[in-house]
Every structure is written in structure tokens, then in C-alpha cells.
Amino acid sequence: MSGRVVILGGGIIGLSAAFAAAARGFGVTVVEAGRPGGQASGAAAGMLAPYTENPDGPDPFFALCLKSLRMYPDWAAEIEEASGRKIELRRSGSLAVALGEADVLPLTARMAWQNRYGARAELVGSSELRQLEPQLAPDIETALYIPEEGHVYAPALVEALESACRRRGVAIAAEAGRTVRLNLGADGVEIGTERAGTFTGDVLVVCTGAWTGLFERELGLPLPVHPIRGQICAYPMPAGLIRRIVVSPQAYWTAKNNGTLVCGASEDVAGFDTSVTERGIARLVRWGPKVFPILKDLEPVHRWAGLRPGTLDGRPLIGRLGHAPRVVIAAGHYRNGILLAPVTGAAVAALLTGEAPPVPLDAFDPLRFTAVRQIEFGGMRA
């Protein structure tokens, strides 16, 4: 195929795919309904925690997450060089705290298998725990420490990645509005938008996050991607006071260089509603002092929500459509879009060039949920 790629969706996944495709010499256009990174990407806490996110065992999703974590340092450096901006990548380490004796055994089991995959995890007791994180509540006596995990400041990453894409020659059509027409034919693809006109290319990459399910009819397959509202808040906190990612069974906390402590996330199903609810934030506020007593008399200074694209099995959709070979899908990353950006971008580039992807993609096949029906696009069978 020739080299004109249209990427539908300008969140972290769409931008990472554009960045990787442009590096391979493709002419790339990103079509974004709103502003780039304006949905789940910019609202994310930016955790890079594949071990914490995968406590049960080493399945293909864990392999995907771990590969992406290990790609992050080089990928971040490439973005910073291309954009001239810093993205605040920090390998802070993480602490999964035990709030009672019943929490210790699962942490011990996690440590046993995750250390076989390079976690370098250790179960730490009260004395060492206070050295790692002095602000923890005194009754927290055990935690699983994983030094390999870290976080990035998501808004800075999105801004730098957008700039890096533009400097690589990627055309970004922001505020394009909703997609009103999507045609796939034997000779190419065509997208009509509400406010930015029509875009054509040789290949379409669908990176529309929580909105991916809206394209089932046009793409000819069930796309069980649904929005999960994640509500987050931030407290004023001097930089350096809280040092690690801290995770409990009910919430997580991560400190940023801008003087805030981000706490997330309260999740619910509310369609495409991104409003913040008192009930959602109240749960986070209630749990804070149990882990960090310094939060007892503090009120959040910022509250926000984003829509996370969930799938039926919790795994993203990454792959080319067999019945529509001009279409690649990279969507449904749920709460791991920031973590999975490097590996997903590399996977999309590999699918475009016909090279081997960075990890096997069989477990993420967009067609895995059901047999795809044969359909016709614009009078031509795809």
C-alpha cells in the first residue's frame, strides 16, 4: 500500500500511532473531534505500573504492559528531543500498602511471580516503609515495594507528543467535530467531519477510545468498547513530601512536580457524561486520611473526570481487520492508555509496514468477540 494514513482520534493512543507512523515515512493526518488529548489522556494520573495493574498472573496483557514500560525511557527521550519539551517521567517506585493482615498474603503471592519478570519487588515492614514514605499512616505496617514502576505528568506528555508529531510533519485537524461519514473502498478511505471537511487516505487507524463502539456499523463488526467514568481529585502538596506511587485497595495517590497530589480513581458507568459527582469524589476524600493523615484537614483543589474505554475482557483492541484490510484499530485501553502508548504506537507502525509487532497481538485481535459479517462499503466489498 502507499503511504497516506488517516488516524481517527487524537488522544494519547492516536498521537503515539501518528508519531511512530511518521517516523516510518508515512504521510499522517490525525483527525480529532475536540482538542488533542482532551478526553481520557489529559485527565489521567499517568501511572506506569504494569505490576500493580496485573496482580493475578503473567498473561498476554501483562506482557504488553511490561514491554511498554521498558520502552518508556527511550520513547520519552525521543519525544523530548523531537518536541523540545520535558514530560516529567519519574521512576519513583510504588508501594502497595496492606491495610490489614488479610492484604499481606495476596501481596506475597504477587511478589513471588512478578519477581520472575524483573519487578525486583520486596515486602517491606514498618521501619523500612517509613524510610520509603514517611507520611504514611502509622498503623500501616507492610507494603509491597516495586522500584521499577513510576509515573509521568499526563498533560505535559500529551502536549509534548502533539508538538513532536507536528514537527515530524503530522497534520492534526483539531476541533473537527463528530464523524458524519466513513467510507471504505478498494482504493482508499474517506472520512467526513462535522466542522473540518473531508479527509482521504490509503489506510485508516481508529483510535477513538471510549467512542469506538459508535463505528460498529461502518466497520462491520461488533466493537464492545464502552465508556467508564473515572473521577479524580488533587490536593495541594509540596513537591517531594510524598515520594512514591501509593496504592491501596480503594484508591491510589501520586505526587506531581506542580505541587499537587493526585488521588484516583472513583469509577462508574454514566454513558458519555464527564461531570464530577460529589459521591464519586467523596469516596476518595474519605479514604485519603486512612493512608495519609496529612490529608485529614485538606480539601481537593481540583476535581475532574475522564472517560476510560473499557472492553468486555479488559484488553485493548489492536490489529488490522481481516474483512477490511485498510483499517487498523487501536482502542479500548481502559485505564492503561498512558502506560501502553509506546508499545501501541510501535504495534500500529508494524501493522502498517508488515513487520513483526513488538509483542504478539493475537490476544488483542479486534475480531475476537464474534464472527465478522460480510458487508459492503460504497458498493465495493471491503
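The values are calculated or read from the model by the stated rules, or taken from the named source; none is laboratory data. Everything numeric in this text was worked out from a predicted model, so none of it was measured. Using ideal geometry, Cβ is built from the backbone for each residue, glycine included, and neighbour counts are taken over all protein chains shown. The accessibility values were calculated without ligands, DNA or RNA, using every heavy atom of the protein model including side chains. Shrake-Rupley method; radii C 1.70, N 1.55, O 1.52, S 1.80 Å.
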* Structure fact -> Note on the chain: contact order normalised by length, alpha-carbon pairs under 8 Å, 6 or more apart, percent, works out to 23 percent
* **Sequence ranges 17-23, 273-279, 121-127, ranked by mean other-Cβ count within 10 angstrom, highest first** => 17-23, 121-127, 273-279
* **For residue 268, net neighbour charge (Lys/Arg +1, Asp/Glu -1) across residues whose Cβ lies under 14 Å away** => +2
* Asked: How much of the accessible area of the stretch 302-362, probe 1.4 Å, is carbon plus sulfur, in whole percent?
  -> 52 percent
* Asked: Can you give the calculated 222 nm mean residue ellipticity of the chain, where each DSSP H run of n ≥ 4 adds -39,500 (n - 2.57) and the sum is split over every residue, rounded to the nearest 500 deg cm²/dmol?
  -> -9000 deg cm²/dmol
* Quick one: check the C-alpha center-to-center distance for the stretch 183-238 versus the stretch 246-260, whole angstrom. => 30 Å
* **Paired Rg and Dmax values of the stretch 55-202, which use every Cα atom, in angstrom** => 22.3, 66
* **Cα gyration tensor shape of the stretch 176-226, rounded if a/c is under 1.5, else prolate or oblate by comparing a/b with b/c** => oblate
* To do: Indicate the gyration tensor shape class of the stretch 113-169 (rounded, prolate or oblate), computed on the Cα atoms with a ≥ b ≥ c the square roots of the eigenvalues: a/c under 1.5 is rounded; otherwise a/b larger than b/c is prolate and the rest oblate.
  => oblate
* **Structure-derived Cα extents along the principal axes in Å: which label, when the choices are [x] 62, 45, 43; [y] 69, 40, 39; [z] 77, 50, 40** => [y]
* **Nearest-ten-degree value, helix 278-291 long axis tilted from longest Cα axis of the chain** => 40 degrees
* Using alpha-carbon pairs under 8 Å, 6+ residues apart, how would you state the relative contact order of the stretch 114-263 in percent? -> 15 percent
* Sorted by packing (mean other beta-carbon atoms within 10 Å per residue), highest first, where do 29-37, 220-228 land? -> 29-37, 220-228
* Structure fact -> From most to least accessible, 1.4 Å probe, no ligand or DNA/RNA atoms counted, 367, 64 line up as 367, 64
* Structure fact -> Dipole check, the chain, charges on Cβ (K,R +1; D,E -1), about Cα centroid: among 156, 100, 292 the Cα furthest to the positive pole belongs to 156
* Structure fact -> Sorting 269, 28 on solvent-accessible surface, 1.4 Å probe, most exposed first, gives 269, 28
* Where does helix 104-114 land angle-wise versus the long Cα axis of the chain, in degrees 0 to 90, nearest 10? -> 50 degrees
* Once a ≥ b ≥ c are taken as the square roots of the eigenvalues of the Cα gyration tensor of the stretch 85-151, is the result rounded (a/c under 1.5), prolate (a/b larger than b/c) or oblate (a/b not larger than b/c)? -> oblate
* Find, to one decimal place in angstroms, the Kirkwood hydrodynamic radius of the stretch 1-140, where the mean of 1/r is taken over every pair of different Cα atoms and then inverted. => 18.2 Å
* Asked: Going by accessible area, probe 1.4 Å, with all protein chains left in place, what is the ranking of 290, 256, largest first?
  -> 290, 256
* Asked: Tell me, what HN-Hα J-couplings in whole Hz come from the Karplus equation 6.51 cos²θ - 1.76 cosθ + 1.60 at θ = phi - 60° for each residue of the stretch 126-135, using x for Gly and Pro?
  -> 4, 5, 5, 4, 5, 6, 6, 8, x, 7
* Counting alpha carbon pairs within less than 8 Å and at least 6 residues apart, what relative contact order, in whole percent, applies to the stretch 1-103? -> 19 percent
